[in-house]
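*Asks:* This structure is in structure tokens; I'll ask about it shortly.
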Amino acid sequence: MDLEEIQTVWSEMSDQLEQQKKLTNELIMKMTQERYSTKFDKITFYETIGAVICFLAAIYFLVNINKLDTWYLLACGIFTIAFLILLPVLTLGLLGRIKRMNIVKNSYKETIVGYTKAKTQLLLIQRVGIYLSFILVFTCLPVFSKIMNNKDLFLQTKIWLIYLPIMAIFLFFFSRWGYKCYKNITNSAENILKELET
Amino acid sequence: MGKEESFTGIIKENEGVIFKITTIYTRNEQDQKDLYQEIVYQLWKSFDSFRNESKISTWMYRVALNTAINQLNKGKKHSNTTGIDQVVLRQTENYDTEFENRLKIVYQHIHQLNILEKGLILLLLEGRKYQEISEITGLSETNVGTRISRIKQKLKSRIIKN
């Protein structure tokens with residue numbers, strides 16, 4: 001099949017579609033008035049729910065920060081609070097940027113560039129988030145334990161002897177897999193951007 | 001003629017075009033339906049701004065293609081191979097299996113192109129002139145020509161390989 005044949009098949013399909021028209025005025029107007037739940041809205045919804053949970057946890061830690069009475073617990077507390085606030089804000093900001101793209105004024109090229117850049121940044125944040133969340137597991141557990149039970153987990157070496165190796169193995173495999181996925185997607189995104197810039 | 005009346009008229013006239021765009025940018029029936037609805041929704045939203053512009057087709061292709069890009073891979077995984085069967089063409093009483101197979105091959109070739117190339121080949125197959133393709137895509141006319149020749153080469157080499 002060569003390009004000419006592709007064109008022939010395409011125009012034959014176009015003719016057939018012309019004869020198969022199905023839309024009614026009611027159906028069209030229903031589509032314009034009823035915002036169908038798109039996947040993008042679903043993602044934003046879940047991200048928002050996640051962000052609310054993170055913010056509530058951050059507020060809880062903030063309110064109880066005076067209970068963290070050593071420098072290392074305080075450092076863990078600050079990292080946990082920063083993580084719980086910054087990451088959702090950055091993710092929601094980028095999702096908002098994708099959503100706000102002007103699809104009427106922007107050309108196809110501008111949309112592709114905008115979308116690809118936002119997508120790459122979103123993936124970067126997600127990837128950084130994966131790595132940081134491992135640190136979060138180490139930091140939020142002692143903070144939580146101190147605030148809830150007034151126990152300093154750093155003084156209980158047994159827990160860390162079991163906990164640390166398990167987390168290290170998990171981190172090793174998970175980050176390798178995450179990096180591979182990320183690399184594949186960003187490579188193709190970079191190729192498109194490069195192509196558009198030439 | 002009222003706003004709703006002229007809008008529904010335009011959509012009815014171009015429902016096949018929207019269908020073809022949704023087929024190119026999606027891999028399964030559900031995604032295709034979602035995209036179709038989103039395109040109509042976005043066209044309606046931008047209908048007022050279009051009224052002052054000259055060409056319906058330029059406005060429509062631009063909004064539809066941009067919406068398709070915006071809807072791409074919204075965080076979900078989809079199959080790379082299935083789906084085409086269900087979305088190739090709405091079946092008619094005179095269902096032609098041979099034509100359907102040829103159409104599947106056409107879509108397979110188009111699906112292998114990147115997002116920019118997909119848009120360009122679609123506009124080319126739709127019979128749009130380079131000038132209009134340039135207006136829709138934001139590429140210069142010369143650039144459109146160069147890229148289309150590259151796509152032709154790409155398709156040719158793939159077709160020969162197969």
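*Asks:* Can you work out which of the residues in the range A:96-134 that are of a type in the set (Gly, Ala, Ser), within 11 Å of another protein chain (Cβ to nearest Cβ) and in a helix (DSSP H, G or I) is surrounded by the most Cβ atoms within 10 Å (Cβ to Cβ)?
*Replies:* Taking the range A:96-134 and keeping what is of a type in the set (Gly, Ala, Ser), we get A:96, A:107, A:114, A:118, A:129, A:133.
Remaining after also requiring within 11 Å of another protein chain (Cβ to nearest Cβ): A:107, A:114, A:118.
From what is left, the residues that are in a helix (DSSP H, G or I) are A:114, A:118.
Details: A:114: 20, A:118: 18.
Only one residue fits best here, namely A:114.
*Asks:* Cβ-Cβ under 7 Å, sequence separation 6+ or interchain: first residue in the range B:34-48 and farther than 12 Å from residue B:62 by Cα and without any contact (Cβ under 8 Å) to a residue 60 or more places away in the chain, partner polar (S, T, N, Q) and not in a helix (DSSP H, G or I). Which pairs?
*Replies:* What qualifies is B:34/A:38; B:35/B:26; B:38/A:38.
*Asks:* A follow-up question, please. Only one of (1) under 20 Å from residue B:56 (Cβ atoms); (2) more than 10 Å from every other protein chain (Cβ to nearest Cβ); (3) not aromatic (Phe, Trp, Tyr) is not met by residue B:136, so which one is it?
*Replies:* (2)
*Asks:* For residues in the range B:25-59 being more than 11 Å from chain A (Cβ to nearest Cβ) and assigned to a helix (DSSP H, G or I), which is surrounded by the most Cβ atoms within 10 Å (Cβ to Cβ)?
*Replies:* The residue in question is B:25.
*Asks:* Also: For residue B:114, all conditions in the list (1) surrounded by fewer than 20 Cβ atoms within 10 Å (Cβ to Cβ); (2) modelled with pLDDT of 85 or more; (3) within 22 Å of residue B:15 (Cβ to Cβ) hold save one; what is the number of the exception?
*Replies:* (3)
*Asks:* Output the residue which, of all residues in the range B:1-24 that are polar (S, T, N, Q) and closer than 15 Å to residue A:32 by Cα, is farthest from the other protein chains (Cβ to nearest Cβ).
*Replies:* At the first step, the residues of the range B:1-24 found to be polar (S, T, N, Q) are B:6, B:8, B:14, B:22-23.
Okay, now just the ones that are also closer than 15 Å to residue A:32 by Cα, so B:6, B:8.
Numbers: B:6: 11, B:8: 4 Å.
The qualifying residue farthest from the other protein chains (Cβ to nearest Cβ) is B:6.
The values are calculated or read from the model by the stated rules, or taken from the named source; none is laboratory data. A quick note: this is a predicted structure, and the numbers were derived from the prediction, not measured. Note that each Cβ is placed from the backbone with ideal geometry, even for glycine, and that neighbours are counted across all protein chains shown.
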